[in-house]
Amino acid sequence: MKIHEYQARDLLVKFGIPVPPAITVDTAEEAKAAFEKLAAEGATLAVVKAQVHAGGRGKGGGVKLVKTADDALEVAKTILSKPLVTHQTGPEGVPVNKLLVAAGVDIEKEYYLGMAVDRASNAPVLIASSEGGVDIEDVAKNTPDAILREPIDPAMGLQPYQATKVAYKLGFVGKQVRQAASIMIKIAKLFIDMDASLAEINPLIVTPASEAHPDGQVLAIDAKITFDDNAMFRHKDVAAMHDATEEDASELRAQEYGLSYIKLDGTIGCLVNGAGLAMATMDIVKLHGQSPANFLDVGGSATEEAITEAFRIILDDENVKGVLVNIFGGIMQCDKVARAIVSAAKEVGFKVPLVVRLEGTNVEPAREIINAAKADVPTMSVGTDLTDAAQKIAAAVAA
């Protein structure tokens, strides 16, 4: 589950990580008032930031620096008036419904700080780089030596000596070291305690030296946090942060029926039981010259109602030109699935080619059910195996 930047900042504050003052707003007029309030507290400039679940906001025009309240008003109007298009949204973009107006700060140096799970060691890992403020993927690709990794014992958390070591390696000096190490320990605690799957501060910055802070201040000025969906029952407060308007409507429908669905940009809809089998199905569709329109796993015990809804979700995608059903019957017996498929296909009404591949428990009776229903569902055919099914649906779509 993803949350917005303003929500992530609130969590940083909760865990004691320093951030500049900021106000969340819904309208341009509120953005103007927010600037005035921040200015009254001493800010000389502010940053107006679109609140969407996508990276690359700055390059897409969703992050703007303003120096007056009137500037904040006009910038906010522009950002709120149209979808924000970034490299992560696709060409259609996403609507912007909220803005964050944050006090601007002088920046002497930017860093990257993140937490993730290292699949190789099965443990959390602190990721840090002195090359902050840019996409960390680009840093990893172009200058991999600039990225530091510090494994963490999940029971012990990030230890002070580890954080201090990383701070020195990043080039922090003087009192900056203690500040940076403290932030590292706190972001690691947030990550573990809140069952996050990713926590990033980018950039983590150092301000220029001042009378109040001779070595500068270390602050987090942007944050991104995602959470493990399977752990949300332990974090009702985090679950309440979910913004359904940022999710694909079809994916939300699928969740209601216990389906795992992700929309893609191909033309062949896929209905499969089992995530691994779904991935293999998508691969073989691609192998035979077509592209999958979705990932859809109905699970091991899908009901007729769930399969019917799965078909509806697939066919609601106007790009779908054909559907491939690939079921391996184990707990879900093939004959029961076949009856559900036929009933669902009749109810939904198929106008595109439908190829069904069944294998496993009671497969022969299942194939008889499918063949007997061809008169009622004339676009339906049976694949003898996965290769045959993929070839048939690819040929039908290409015809």
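Taken together, the values in this text are just the output of simple stated rules run on the coordinates, not laboratory data. Because the structure is a prediction, the values reported are computed rather than measured. Cβ sites come from the backbone with ideal geometry, for glycine too, and all protein chains shown count toward neighbours.
Some points to look at:
- Region 249-398: C-alpha gyration tensor shape, a/c 1.5 cut-off, then a/b vs b/c: rounded
- Highest mobility in the GNM of the chain, judged by mean-square fluctuation with C-alpha springs under 10 Å and restricted to D71, D388, D243, is found for D388.
- Sequence-separation-based contact order of region 249-398, relative, with Cα cut under 8 Å and 6+ spacing, percent: 23
- Here the calculated FRET efficiency for D106 and K286, from their Cβ-Cβ distance with R0 = 56 Å, stands at 0.65, rounded to the nearest 0.05.
- V13 versus N362: modelled label distance in nm, points set 7 Å from Cα along the beta carbon direction: 5.8
- Restraint check, K346/K392; K49/K263; K64/K98; K64/K109, Cα-Cα greater than 18 Å: K346/K392; K49/K263; K64/K109
- Note on E304/I262: beta-carbon distance plugged into 1/(1 + (r/R0)^6) with R0 of 25 Å gives a FRET efficiency of 0.65.
- Residue-span extension gain [D145 to A399] - 0.36 nm each, minus C-alpha spacing: 86.4 nm
- Once you reduce region 192-250 and region 79-131 to the center of their Cα atoms, the two points are 9 Å from each other.
- GNM result for the chain, Cα springs below 10 Å: residue of L190, L100, L315 fluctuating most strongly: L315
- Backbone N within region 23-47 under 20 Å of label point (7 Å from T68 Cα along the Cβ vector): 28-47
- Considering only beta bridges that DSSP places wholly inside region 240-399, some 20 percent are antiparallel.
- Bridge type composition, the chain - antiparallel percent by DSSP, nearest 5: 70
- Cα gyration tensor category, rounded, prolate or oblate, for the chain with a/c compared to 1.5: prolate
- Taking the chain as a Gaussian network of alpha-carbon nodes connected by springs under 10 Å, the highest mean-square fluctuation of the residues G60, G360, G132 belongs to G360.
- Our helix-only sum for the chain, with -39,500 (n - 2.57) per DSSP H run of n ≥ 4 divided by its residues, gives a mean residue ellipticity at 222 nm of -11000 deg cm²/dmol.
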